[in-house]
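The structure appears right after this line, and notes come after that.
Please treat every number below as a calculation from the coordinates, not as lab data. Note that this is a predicted model, so its numbers are computed, not measured. Every residue, glycine among them, receives a Cβ derived from its backbone with ideal geometry; neighbour counts consider all protein chains shown.
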Amino acid sequence: MSTSTTETSKLDRMMRGLPIKMQNTITRTLENVSLIAEIRDPKVGASMLPSAYRGLWQRKGKGDDSVPMKSGHAVHFDLNYGTDFPEMYDLYRRAVANQWDGEWQLDWSTAVDPMNPTTPILGHTPFVPYEGLEAAGVKLDAAEKQKLNYHFAAWMLSQFMHGEQGALYASAQCTESVRWVDGKLYGATQVMDEGRHLEVFLRYLETKLERVYKINDNLFVIIDDLLTDSRWDVKFLGMQIMVEGLALGAFSTMYNQTGEPLLKNLLRYVIQDEARHVHYGVLALREHFTKHLSAAERREREDWAFEVAMLMRNRFLAHEIHDEWFAHRIPRATWNKLMGESPAMTKFRSIMFQRLVPNLQYIGLLSPRMESYYEKAGLMVYAGGKNASQLSEQDLLRDNDTLAEQAIETLRKAA
């Protein structure tokens with residue numbers, strides 16, 4: 001037994017006799033401390049600390065109606081107006097040609113019953129492991145399970161919506177910061193895209209599911225960190241490659257699982273847009289990272305990308321569901337273990353990375369130095385896949401179970 005496992009066992013025994021509410025408070029505090037402690041690179045940890053404090057300790061995403069964020073990025077005003085990035089301009093023209101209107105192109109008259117098992121929002125594979133809940137002393141009947149599935153879908157779509165609002169602001173900042181006129185033209189179309197995504201997800205949640213969850217604390221940390229970072233290329237890396245890349249995998253997974261026709265059509269439109277956004281990111285960053293950064297600067301961005309990837313994979317544990325449904329019945333630590341081992345959630349977290357890893361490789365941030373870290377995390381199985389500049393619509397809508405299972409098996413062996 002490893003030292004960390006022994007220490008965890010001792011802590012579990014110490015907290016076992018405490019009231020559940022006190023256990024949850026202690027566990028949340030330890031999670032917050034471990035966020036920074038788990039980051040390998042001290043520079044990355046130091047840069048994320050202010051956002052972690054606002055998101056995890058102050059819990060700004062939970063308590064306030066709005067959160068002011070100071071951003072000191074540079075604005076690049078181009079006076080040459082040179083169209084010297086043909087591939088970027090082609091992407092802009094595609095974006096203009098493929099704009100869509102969520103008001104008219106989605107059938108909002110569709111009746112959505114989230115409790116109807118014949119048109120499940122998330123498919124028939126539960127994300128919450130009911131057997132594990134029952135072993136922990138929580139037994140749900142069939143109606144309660146169906147209601148929990150509905151709430152979990154609302155939670156997941158709420159996080160998509162919050163991410164789209166972050167993408168709206170970040171894409172506006174990137175449009176200001178990018179150095180090519182062709183990039184600014186394309187960036188303007190993405191700002192419109194993100195506003196439309198925010199609109200349709202919010203409308204679906206409010207009018208069809210009638211339930212919106214607050215932003216996940218860890219997602220807030222990432223968005224806060226991106227929007228307040230002054231470096232244009234880190235904003236691009238964080239939003240266009242990391243958040244959008246992972247979202248693309250998440251949207252594709254839900255697209256293939258849902259049996260609800262309005263949501264399926266909504267996701268199909270969003271996926272087409274997101275693919276262009278990630279393509280924009282790889283175009284803007286590949287030459288910059290491979291030719292215009294020093295070795296030290298590139299290493300810093302490699303480390304930052306890995307830490308954000310691990311934060312999104314390991315911390316997306318639906319604590320908001322636990323707080324609403326189970327905070328008085330099972331400890332937060334027990335919930336974390338159940339969600340960490342949930343087959344559906346494990347697959348969901350893993351498959352998000354099939355779109356991210358090839359893009360990191362393409363833009364030069366998957367160096368031999370980093371391969372061992374991604375290998376240990378079970379993610380190198382996605383290396384060598386198609387990057388955003390190579391993907392077709394069929395690729396994006398296809399459910400790649402095989403790669404996800406390989407990644408999960410790699411993680412099992414590592415554990």
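Here are the numbers:
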{"item": "Kirkwood estimate for the chain, i.e. one over the average of 1/r between Cα atoms, Å", "result": "22.2"}
{"item": "Cα-centre dipole for the chain with unit charges at Cβ (Lys and Arg positive, Asp and Glu negative), debye to 20", "result": "1120"}
{"item": "Charge context of E194, other residues only, Cβ under 12 angstrom, K/R +1, D/E -1", "result": "-4"}
{"item": "Relative contact order, percent, the chain [alpha-carbon distance under 8 Å, six or more residues apart]", "result": "23"}
{"item": "Residue of A153, A95, A344 that the Gaussian network model of the chain assigns the largest fluctuation, springs spanning Cα pairs under 10 Å", "result": "A344"}
{"item": "The chain: angle of helix 244-257 to the longest principal axis, Cα-based, in degrees nearest 10", "result": "60"}
{"item": "DSSP-loop GluC sites (Glu not before Pro) across region 168-254, with at most 15 other Cβ within 10 angstrom", "result": "E210"}
{"item": "The chain: angle of helix 20-37 to the longest principal axis, Cα-based, in degrees nearest 10", "result": "30"}
{"item": "At 0.692 mPa s and 37 °C, Stokes D of region 137-183 from Kirkwood alpha-carbon radius, µm² per second", "result": "239"}
{"item": "Within a Gaussian network of the chain (alpha carbon springs, distance under 10 Å), most fluctuating of L30, L263, L338", "result": "L30"}
{"item": "Highest-fluctuation residue, T189, T228, T83 considered, GNM on the chain with Cα pairs under 10 Å", "result": "T83"}
{"item": "Gap separating the Cα centres of region 36-105 and region 323-353, nearest whole Å", "result": "28"}
{"item": "Reference-scaled alpha-carbon Rg (2.2 N^0.38 Å with N residues) for region 178-223", "result": "1.58"}
